[in-house]
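The values are calculated or read from the model by the stated rules, or taken from the named source; none is laboratory data. Keep in mind that what you see is a predicted model, and the values were worked out from it rather than measured. Surface areas here come from the heavy atoms of the whole protein model, side chains and all, with no ligands, DNA or RNA. Shrake-Rupley method; radii C 1.70, N 1.55, O 1.52, S 1.80 Å.
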Amino acid sequence: MMELANKKNVKVISLTIAAIFIVGLFVVGLQQSSFSQMSNGDPLNSAIGTVNYDELMRNAPGVIDAQNTMRQAVDDSKKDFDEKSKNLSEEEKSKLLQEHQKALQAKEQELLEPLKKKVNDALTSVGKSKGLAVIVDKNTAVYGGLDVTNDVVNALKKQK
């Protein structure tokens with residue numbers, strides 16, 4: 001305790017605390033500066049964007065063709081199942097049904113992947129042009145964020 005009472009030690013400790021405080025203020029200032037640059041200097045703008053992802057998927061180019069193809073695949077699968085299951089036991093029908101369901105899931109995945117890629121490419125493009133660090137679905141955002149759904153829909157229309 002006697003050492004702390006030494007005026008030299010008190011000065012060294014005080015200077016160290018002051019230096020840490022000054023460096024902390026400098027770091028906070030840099031973070032504020034980089035945040036304001038990301039939001040293009042507009043205090044009402046946000047580094048986080050929001051979108052209605054369901055709406056984007058409904059507006060993706062080729063979605064109607066994919067829906068029609070999927071409807072046709074379901075109809076074909078149903079007809080095939082009805083024909084093949086006429087003389088099968090319940091256990092065999094169950095296995096056949098599972099095979100058809102797996103095939104339909106694979107078809108849906110095959111049809112949705114290109115659509116998701118188009119939507120994600122448009123999201124990335126709009127996000128970069130607006131200076132957004134993150135874009136989340138509106139349903140997951142509790143508060144705030146810049147809604148860029150219409151911008152992404154317009155970017156998707158340009159892809160058509």
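Below is a table of values for the structure above.
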| quantity | calculated |
| --- | --- |
| Segment Thr69-Leu97, length gained on full extension (0.36 nm per residue, minus Cα span) | 8.1 nm |
| HN-Hα J in Hz across region 100-115 - Karplus 6.51, -1.76, 1.60, θ = phi - 60°, x for Gly and Pro | 5, 5, 4, 5, 5, 5, 5, 5, 4, 4, 4, 6, 7, 4, x, 5 |
| Probe 1.4 Å, accessible area per residue of region 49-160, Å² | 69 Å² |
| Long-range HN-HN contacts of Thr50 with modeled amide H, under 5 Å | Val136, Leu146, Asp147, Val148 |
| Under Karplus coefficients 6.51, -1.76 and 1.60, residue-wise ³J(HN,Hα) of region 142-151 in Hz, glycine/proline x | 7, 8, x, x, 8, 6, 10, 4, 5, 4 |
| Among the listed pairs Lys107/Lys128; Lys102/Lys138; Lys117/Lys157; Lys116/Lys158; Lys116/Lys157; Lys102/Lys157, those beyond 25 Å (Cα-Cα) | Lys107/Lys128; Lys102/Lys138; Lys102/Lys157 |
| Extension gain, Glu55 back to Val134 (0.36 nm per residue minus Cα-Cα distance, nm) | 26.6 nm |
